[in-house]
1. Work through the residues other than TRP106 whose Cβ is under 13 Å from its Cβ and net out their charges, Lys, Arg +1 and Asp, Glu -1.
2. Which far-off residues, 5 or more places away or on another chain, put their amide H under 5 Å from the one on ARG24, with H placed in the peptide plane?
3. Among all lysine pairs in the chain that are eight or more places apart or on different chains, how many have alpha carbons less than 21 angstrom apart?
4. Using θ = phi - 60° and the Karplus curve 6.51 cos²θ - 1.76 cosθ + 1.60, what whole-Hz ³J(HN,Hα) does each residue of region 328-340 get, with Gly and Pro shown as x?
5. For the chain, what's the relative contact order in percent, using C-alpha pairs closer than 8 Å and at least 6 residues apart?
6. Considering only DSSP beta bridges where both residues belong to the chain, give the percentage that are antiparallel (nearest 5).
7. Among rounded, prolate and oblate, which fits region 242-311 when a ≥ b ≥ c are the square roots of the eigenvalues of its C-alpha gyration tensor, a/c under 1.5 means rounded, and a/b larger than b/c means prolate?
8. Relative to the present Cα-Cα distance, how much length would full extension add between ILE276 and HIS34 at 0.36 nm per residue of separation?
Amino acid sequence: MVMEQVQTSPTIRLYPPSELNSHRWIADNVVRRHRYTLPDPAVLLLLGAMAPIKVDDLASKVASRLSLHEPAIKGLIESLVEKECLLDSTCTGKDFAHLAEIRREWQASGWDEAAEYHFVTFDYPYVGASGSSEAISQKRMVEYGAIEPDLNRYKRYEGDYFRIPLPQPRSDLLTQAFVFHGAEDSGSVDLDLLSRIITLNIAPLRSVNVGNQGAPLFMRSVPSGGSRHPTEVYFLNLGVEDMPQGWYHCSLDELELILINRDVPSSEMCDALFPICVGRARYSVAGVFVLTAVFERNMYRYREPRTFRTIFMDSGHMIASIQSCLRSLGAITAIEYGVNDVEVESYLGIEYLEEGVVLAMSFGSSQPKEEVSA
């Protein structure tokens, strides 16, 4: 070993003994994606080299602490260097500067664990990422379908609900409605425009037969990974004319607005439910879109915790598309993720372990904010 100074690699993560790792010390290299079981002397060497240290000094300190022979400790140091757990201290700075920069940036937003996950999964060849694995993916779906058919595509509300039919999707919905009126426009949205916006964003445009695996998959203008479409759209009407106030479900079943709850929150309650997009709004809020995720739809296919991230991509695409439509009419919008989930889910009558609130977006005109009657 020719290096004089060593330092523990910034890519190493040490985990103490626990029931999760059979009561052994573990070192994970989050970039190389290697995991090592460590004897106690190796743990002390990595801890002792968190800052640059001469090899002779490190070996002497650990050997003295554990009453071991120094040559044996130096042999262990060589093994740790070979496995890139210890590095030449003159190289760690420039070789891993980009990792340190990513960590600093992400930690500033409280994303410490996300940074770790990013390092581990970056450019990882997941099953399905290449053409050669397509057969594996298809085989899995056939096996899943044999156990339990994939039928969850959209929600249905049976019974005597007040319903407002939505227009069928067609190209002139866009050309007739969404022409920006200029800064002088108040941005008011009536039922006709609202219906067009909802249809353009949620309506199925075509379907794909999946055989005996389950119900046909559908495509709409807003993309969804694997055509799973976990996002459900609800609308709280507070001021759109020609329709009763209350909570509506934007239904794909018959393409309609279904009034599922006539309990209109008071102004104070609206502020509590949506503290940002309503509570801090400086405009007259006409309504609030609430987007939820039905977790089963994505989990049916992907069946691993990582798929939880994809529901946010789906809802992000959906809300951005709705927002673009509203802004083209001159309406003011505000998106919020800090929704009072528990209370909103209670109004919607949903169970959070099956379907959870993801985000909300209010919209309104440039008129001053008014009190909402209970």
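1. -3
2. It is SER18, by chain and number.
3. Final tally of qualifying lysine pairs is 6.
4. 5, 8, x, 6, 9, 10, 8, 9, 9, 9, x, 6, 6
5. After rounding, I find 14 percent.
6. 100 percent
7. It is oblate, given that a/c is not under 1.5 and a/b is not larger than b/c.
8. So the chain would gain 82.7 nm between ILE276 and HIS34.
Read-outs throughout are calculated quantities, based only on the coordinates presented, and are distinct from any laboratory measurement. Worth saying up front: this structure is predicted, and the values here are computed from it rather than measured. All Cβ positions, glycine included, derive from the backbone under ideal geometry; neighbour counts span all protein chains shown.
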